[in-house]
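Report on the structure given below.
The values are calculated or read from the model by the stated rules, or taken from the named source; none is laboratory data. Here the structure is a predicted model, which is why all the values come from computation and not from measurement. Don't worry about glycine lacking a Cβ; one is built from the backbone with ideal geometry, like all the others, and counts go over all protein chains shown. For accessibility, only protein heavy atoms count, side chains too; no ligands or nucleic acids. Shrake-Rupley method; radii C 1.70, N 1.55, O 1.52, S 1.80 Å.
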Amino acid sequence: MTMSNHVIEVRNLNKRYGHVQALKNVNLTVPRGQIYGLVGKNGAGKTTLMRVLTNQTFADQGEVALFGAHTEHDINKMRRRVGTIIEIPSFYAFMTARENLEFYRRQRGIAGSDCVDEALATVELLDAGNKKFKNFSLGMKQRMGLALAIMNHPDMLILDEPVNGLDPEGIVQFRNILLKLNREQQVTILISSHILAELQNLATHYTFMHNGAIVQDVSEKELSAMCQEHLEIVVDEPEKAATLLEQLAGCVSYEVLPGNMIRIYEMLDEPDVIAQILIENHIRLYSLKQNRMNLEDYFIDLVGGGKNA
């Protein structure tokens, strides 16, 4: 089989639930070794896409390839190289962490019991291996889910909201484990999260979904460039203000946005000069502030609407 540099390749994927088009001509390519943040509001299609990739639901149309495999038989073989958290796994409350993982190891036919302690050590639960699951905190339970996902030493992880409900300390701990898996074992990760600020601490790429479609796919470097520091002004006549700034200050790096807003990407240390030009030319200046967009701001600008991503 030909080796591929892409862990996931999706072409023209469509999925409908009744009258709802959950996926619309989705195209996605995930290279090896990357951490892809999947961003979108509830109902955007993130979980449906992950369910198709992990064979938990079937697409109506389109093609999926995993690790270069295209046929159904070969893709199913390649799914053994993928660990997933799409729903919180069911663990037995009165069994210990080690007993739970051993149960799943045998059920899934994973050879060798050493993988149980290896997985517990990776998610920093080795010392809690003999503790009953019912006595675990939420953060420990989430890390148990990750231990189960990595027990077969996967080359890729598909994680749907894995830090949902965790406190800040638990989120940082989970993030550091994922970064270690990615950097030390080159595990490719596709992850969604409602906590967009957390994705910004983790992802190397971002795929933005809206109403079942992918609206943009950018690298972390590209996003950083687009979210660069800027001056944000609100005026009564934005087009006239922009012309004045070009003519009188030589300002060319800016964009005029809805809501009478202008973002200026130069003259960052000269807000007084900008204000003076506008006021002297009878432009009403309602606000002027220095700003830097974060991932949430960028997402809201991209798709509009509320902030429940």
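Some points to look at:
- Filtered residues of region 90-139 (kept if within 22 Å of GLY165 (Cα to Cα), open to solvent by 20 Å² or more (accessible area, probe 1.4 Å) and among the aliphatic types (A, V, I, L, M)): ALA93, LEU138
- Of all residues in region 256-297, those satisfying the criterion of being part of a helix (DSSP H, G or I) and touching a helix residue (DSSP H, G or I) at 6+ places or on another chain (Cβ under 8 Å) are VAL273, ILE274, ILE277, LEU278, LEU295, GLU296.
- Among the residues of region 45-77, those that are part of a helix (DSSP H, G or I) and either open to solvent by less than 30 Å² (accessible area, probe 1.4 Å) or of a type in the set (A, V, I, L, M) (or both) comprise LYS46, THR48, LEU49, MET50, VAL52, LEU53, ILE75.
Rundown of residues vs (1) within 26 Å of VAL39 (Cβ to Cβ); (2) without any contact (Cβ under 8 Å) to a residue 24 or more places away in the chain, yes/no style:
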site: GLU220; (1), (2): yes, yes
site: ALA242; (1), (2): no, yes
site: TYR265; (1), (2): yes, no
site: GLU270; (1), (2): no, yes
site: ILE274; (1), (2): no, no
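- Filtered residue count, region 4-28, keeping only those that are within 22 Å of ALA203 (Cα to Cα) and either at pLDDT 95 or above or surrounded by 15 or more Cβ atoms within 10 Å (Cβ to Cβ) (or both): 9
- If you go through region 122-150 and keep only what is more than 28 Å from VAL7 (Cβ to Cβ) and assigned to a loop (DSSP other than H, G, I, E, B), you end up with GLY129, ASN130, LYS131, PHE136, SER137.
- One residue alone among VAL187, VAL234 is in contact with a strand residue (DSSP E or B) (Cβ under 7 Å, 6 or more places away or on another chain), at pLDDT 95 or above, under 29 Å from SER287 (Cβ atoms) and open to solvent by less than 40 Å² (accessible area, probe 1.4 Å), and that residue is VAL234.
- Under the condition of being in contact with a Cys (Cβ under 8 Å, 6 or more places away or on another chain) and either of a type outside the set (D, E, K, R) or surrounded by 15 or more Cβ atoms within 10 Å (Cβ to Cβ) (or both), the residues counted in region 275-297 number 3.
- Set side by side, the residues THR207, THR243 differ, and just one is in contact with a strand residue (DSSP E or B) (Cβ under 6 Å, 6 or more places away or on another chain) and either outside any loop (DSSP other than H, G, I, E, B) or open to solvent by less than 60 Å² (accessible area, probe 1.4 Å) (or both), which is THR207.
- Qualifying position, being in a loop (DSSP other than H, G, I, E, B), farther than 18 Å from ILE86 by Cβ and touching an Asp or Glu at 6+ places or on another chain (Cβ under 9 Å), among HIS194, HIS153: HIS153
- Reported count of residues in region 246-255, each being touching a strand residue (DSSP E or B) at 6+ places or on another chain (Cβ under 9 Å) and not in a loop (DSSP other than H, G, I, E, B), is 3.
- Meets criteria (in a helix (DSSP H, G or I), surrounded by 13 or more Cβ atoms within 10 Å (Cβ to Cβ), within 35 Å of the chain's Cα centre (by Cα) and β-branched (Val, Ile, Thr)) for ILE300: yes
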